[in-house]
Every structure is written in structure tokens, then in C-alpha cells.
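Q: Pasting a structure here, questions to come.
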Amino acid sequence: MARRKKVYEGKAKILYEGPEPGTLVQYFKDDATAFNAQKKDVIDGKGVLNNRLSEFFMTGLTQIGVPTHFIKRLNMREQLIRSVEIIPLEVIVRNYAAGTMSQRLGLEEGTQLPRPIIEFCLKDDALGDPLVAEEHILAFGWASQQDLDDMIALALRVNDFMSGCMFAVGIKLVDFKIEIGRVWEGEFQRLIIADEISPDSCRLWDMETGQRLDKDVFRRDLGNLADAYTEVARRLGVLPSNV
Ligand code: C5P
């Protein structure tokens, strides 16, 4: 059988050409990276867990009318997705201060924010994905005002959904990152959620103990990353049988 054509390889995922025009196959690797790939490791089973968890969140979002790129899971490590034109911005939603926001503003990690705060970072590894203002986004044409309004609305809906999912299983959604893509339907363009939603791109804290159940376990050497992700999957009822 002919090998599939690789379209793109990132730090944690590979994209292959899909079976139909306008589709791609997204493969979840076990590679973990942090601090712009300065710290690297391979975590057995991480790709399988993130494939399942991203399926769970994207399917739930679709059910409540939030459009995503997810079509279906194909196997343990792969899912079929819609091909999109990725907007070159990482959209971060924060409910509690942590990570770079705590460093930047001198806020203690865990401080509840007055309301969800949305930040944009330019997707540029060479620059370390710098925080950018809406002024930069509009002036440099990375997105239009309409795109920005749509991205903020999408991000807040994802936040409501994800916060609820997590609250129900005793986990606080501290913050998360999403990526958004453009699809064309006839002459109309629509923005949809792309990439992945998984503990790689969220901060998840146990509500009782404050235990970290996300990639900070790897970033900060707090224990076994696969165990943390398995705990999230177990609580959400999406644990694959052979992990
Ligand atoms: O590092 P920082 O505090 O800015 O991260 C905010 C949130 O965005 C965290 O949940 C982190 O996992 C996520 N993030 C990400 N990919 C990046 C930067 C941040 O998933 N490149």
C-alpha cells in the first residue's frame, strides 16, 4: 500500500493527506515538548489519550453547535478532520492566573480572575509565540475585526463548555489554548475550532487537592504525565480499554 503523504509535522502531531478532498488525518504522537521544545521527552500512551480526549471535547462542542474540524476518530492515534486555513494566532482563555500571566503580572497562581480573559499569541516558534494585542492583529492583517469578534465568541463558548465538563468531574479549568481555522462554504467563510483540545493545551487542577492534571506535570517535573492524563480520561469516562 502506498504511504500517505505527510502534509505537516508538528511537535505533538502529524497531518497526513485525507481520503477525500478537504480532509486530513491527524496523528497524535507520544512526544512531549515544553518551553518551545527546549524540554523534550516521549511519554508512552500520551498520543492515545489525547486522541480520545480531543475527540470527547470536539464531539461535545459539535453537539452544542460550536463548529470544529473533527469528523471522526479512525483508530487509537488518528482522527479524520476537515482541512482548514489556520489563523496564525493561539487563542488563550484564562479563568485563574497561572503560567505566563502570573509571571507577567505578578499574580499568584490560582488567583481567580474577575472574568475570563482572552489573550492572543502569534504562532511563531522562532519568536517563542509572543503575546500580541488586537492592534497588532488588525494592523498586520493576521485576522480581520470580524474574525476577532468570531474568535472571541468561539473561545468563550469553548470556555463555558469545557469549564462545565471539568467542574462536573471535580476539575478546575484554569486556562487553555485553542487554535481556530477558516473554512470556505461557497462564497462564505466560517471560523471553526481546529488542532486539538487536550491536557496538553489546558491547565486542569483537581478542585479538592490542587493536583495538576495537565502538561505542567511535565513542564515542572511534578510526576508521571500519562498518569495525570489517564486520571482526566477516567473521570470523564473516556478511558480507552488498553491504556
Ligand atoms: O504558558 P501560558 O501560561 O501562557 O499558557 C496558557 C495556556 O495555554 C496553558 O493551558 C498552556 O498549556 C496553553 N498553551 C499551549 N500552547 C502554547 C502556549 C500555551 O497549549 N504554545
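Q: When the residues of the range 197-242 are filtered to those that are near the ligand (Cβ under 10 Å from one of its atoms) and part of a helix (DSSP H, G or I), which remaining residue is surrounded by the most Cβ atoms within 10 Å (Cβ to Cβ)?
A: Filtering the range 197-242 for residues that are near the ligand (Cβ under 10 Å from one of its atoms) and part of a helix (DSSP H, G or I), the one surrounded by the most Cβ atoms within 10 Å (Cβ to Cβ) comes out as 216.
Q: Select, from 84, 7, 93, the only residue that is of a type outside the set (Ser, Thr, Tyr) and within 22 Å of residue 204 (Cα to Cα).
A: Numbers: 84 fails: within 22 Å of residue 204 (Cα to Cα); 7 fails: within 22 Å of residue 204 (Cα to Cα).
Only one candidate qualifies: 93.
Here is a yes/no grid of residues against (1) part of a helix (DSSP H, G or I); (2) loosely packed, with under 12 Cβ neighbours inside 10 Å:
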residue	(1), (2)
7	no, no
15	no, no
24	no, no
55	yes, no
61	yes, no
65	no, yes
75	no, yes
95	no, no
102	yes, no
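Q: If the requirement is being in contact with a helix residue (DSSP H, G or I) (Cβ under 7 Å, 6 or more places away or on another chain), farther than 19 Å from residue 123 by Cα and of a type in the set (Ser, Thr, Tyr), which of these qualifies: 59, 68?
A: 68
Q: Consider only pairs whose beta carbons are under 7 Å apart and that are at least six residues apart or on different chains; among these, list those whose first residue lies in the range 193-215 and is over 29 Å from residue 82 (Cβ atoms) and free of Cβ contacts under 8 Å to residues at least 24 places away in the same chain and whose second residue is of a type outside the set (Asp, Glu) and within 8 Å of the ligand (Cβ to nearest atom).
A: none
Q: Now a separate question. Restricting attention to the range 173-193, which residues are assigned to a strand (DSSP E or B) and either more than 13 Å from the ligand (Cβ to nearest atom) or more than 16 Å from the chain's Cα centre (by Cα) (or both)?
A: 180, 181, 182, 183, 184, 185, 188, 189, 190, 191, 192, 193
Q: Would you tally the residues in the range 185-207 being at pLDDT 95 or above and of a type in the set (Phe, Trp, Tyr)?
A: Total meeting the criteria: 1.
Q: Checking the structure you have, find out if any residue of the range 191-199 is among the β-branched types (Val, Ile, Thr) and either closer than 23 Å to residue 219 by Cα or assigned by TED's automatic domain parsing to the domain that holds residue 26 (or both).
A: Restricting attention to the range 191-199, the residues satisfying the condition of being among the β-branched types (Val, Ile, Thr) are 192-193, 197.
Keeping just the survivors that are either closer than 23 Å to residue 219 by Cα or assigned by TED's automatic domain parsing to the domain that holds residue 26 (or both) gives 197.
Yes.
Here's the yes/no breakdown for (1) assigned by TED's automatic domain parsing to the domain that holds residue 205; (2) under 27 Å from residue 22 (Cα atoms):
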position	(1), (2)
44	no, no
50	no, yes
53	no, yes
75	no, yes
78	no, yes
90	yes, yes
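Q: Which one of these does residue 100 not meet: (1) within 11 Å of the ligand (Cβ to nearest atom); (2) β-branched (Val, Ile, Thr); (3) outside the structural domain of residue 175 (by TED's automatic domain parsing)?
A: (3)
Q: Suppose we keep only residues that are among the aliphatic types (A, V, I, L, M) and under 22 Å from residue 239 (Cα atoms) within the range 194-221. Which one would you say is nearest to the chain's Cα centre (by Cα)?
A: For the range 194-221, the residue satisfying everything is 197.
Q: If residue 130 meets every condition in (1) touching a strand residue (DSSP E or B) at 6+ places or on another chain (Cβ under 6 Å); (2) more than 30 Å from residue 22 (Cβ to Cβ); (3) surrounded by 12 or more Cβ atoms within 10 Å (Cβ to Cβ) apart from one, which number is that one?
A: That leaves (3) as the condition not met.
The values are calculated or read from the model by the stated rules, or taken from the named source; none is laboratory data. Please read all numbers here as calculations on a predicted model, not as lab measurements. Note that we place each Cβ from the backbone using ideal geometry, even for glycine, and neighbour counts take in every protein chain shown.
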